[in-house]
Amino acid sequence: MPTFMLHTLQSAPEKSKQTLQLLTEKFGFLPNVMATMAESPVLLNGFAGSFGSFHGGSLDECEKQTLLLTNAVTLKCPWTVAAHSTFALEDGMSQGDVDAIRSGKLPKDAKYSALSAISRALMEKRGNLTEVDIQAFISAGYSQSQFFEVIISIGISTMAATTTNMANTPVEERFQPQVWSPA
């Protein structure tokens with residue numbers, strides 16, 4: 001398997017440096033997924049733009065982490081599961097809801113359950129939802145426009161998971177307590 005470089009601000013291609021700097025400021029450190037993506041300014045900058053749009057949406061932080069963790073598990077990505085488990089707990093999700101998602105189940109919280117279910121359905125059915133899927137999401141209190149926030153979460157999750165799975169990106173020490181491997 002090829003070895004992919006974990007770039008730093010110094011080693012990154014010129015067109016990745018500004019984005020890496022901004023991401024480092026946002027997170028307080030440079031996550032390994034972004035250090036890996038930096039090899040391709042096209043990927044890194046596309047990811048960062050989509051990531052910023054998603055995080056500027058209408059969902060609260062726990063709802064966002066519900067989506068990102070569900071997507072990580074569905075994509076079977078150890079790095080993103082560890083990272084989003086950590087972020088979800090830091091953002092105030094219960095350990096029980098995080099554990100449920102990590103094991104492929106729905107969280108107990110009704111809103112998180114609806115988000116997790118719709119994201120998994122969109123991914124597994126490749127967007128071909130049934131009326132029952134749509135109604136369950138709407139009945140949980142979400143709007144039609146929020147379907148599109150779920151879709152962008154899938155896009156950024158796919159970019160991150162594909163990158164880290166392909167590159168075998170190492171999990172940072174900060175995320176080690178949440179290390180996960182697919183069943």
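Would you be able to say whether some residue in region 76-90 is among the acidic types (Asp, Glu) and either in contact (Cβ under 8 Å) with a residue 24 or more places away in the chain or in contact with a strand residue (DSSP E or B) (Cβ under 7 Å, 6 or more places away or on another chain) (or both)?
Checked region 76-90: no residue is among the acidic types (Asp, Glu) and either in contact (Cβ under 8 Å) with a residue 24 or more places away in the chain or in contact with a strand residue (DSSP E or B) (Cβ under 7 Å, 6 or more places away or on another chain) (or both).
Return the pair list, or none, for Cβ contacts closer than 9 Å from residues in region 157-183 that are exposed (fewer than 12 other Cβ atoms within 10 Å of the Cβ) to residues that are hydrophobic (A, V, I, L, M, F, W, C) and modelled with pLDDT of 95 or more, at least 6 apart or on different chains.
Every condition considered, the pairs that remain are Gln176/Ala82; Pro177/Ala82; Ser181/Val81; Pro182/Val73; Pro182/Cys77; Pro182/Val81.
Being touching a helix residue (DSSP H, G or I) at 6+ places or on another chain (Cβ under 8 Å) and either crowded, with 17+ Cβ neighbours inside 10 Å or within 19 Å of Gln178 (Cβ to Cβ) (or both) is the filter here; which residues of region 109-129 pass it?
Once the filter is applied, which keeps residues that are touching a helix residue (DSSP H, G or I) at 6+ places or on another chain (Cβ under 8 Å) and either crowded, with 17+ Cβ neighbours inside 10 Å or within 19 Å of Gln178 (Cβ to Cβ) (or both), region 109-129 yields Asp109, Tyr112, Ala114, Leu115, Ser116, Ala117, Ile118, Ser119, Arg120, Ala121, Leu122, Met123.
Do you know which residues across region 6-34 are without any contact (Cβ under 8 Å) to a residue 40 or more places away in the chain and under 20 Å from Ala82 (Cα atoms)?
Result: Leu23, Thr24, Lys26, Phe27, Gly28, Leu30, Met34.
Does Ala83 satisfy being buried (at least 20 other Cβ atoms within 10 Å of the Cβ), within 28 Å of Pro177 (Cα to Cα) and among the hydrophobic types (A, V, I, L, M, F, W, C)?
yes
In region 130-145, how many residues are in contact with a Lys or Arg (Cβ under 7 Å, 6 or more places away or on another chain) and surrounded by 14 or more Cβ atoms within 10 Å (Cβ to Cβ)?
The total comes to 1.
The values are calculated or read from the model by the stated rules, or taken from the named source; none is laboratory data. Keep in mind it's a predicted model, so treat the numbers as computed, not measured. A quick note on method: Cβ atoms are made from the backbone with ideal geometry, for glycine too, and the neighbour counts reach across all protein chains shown.
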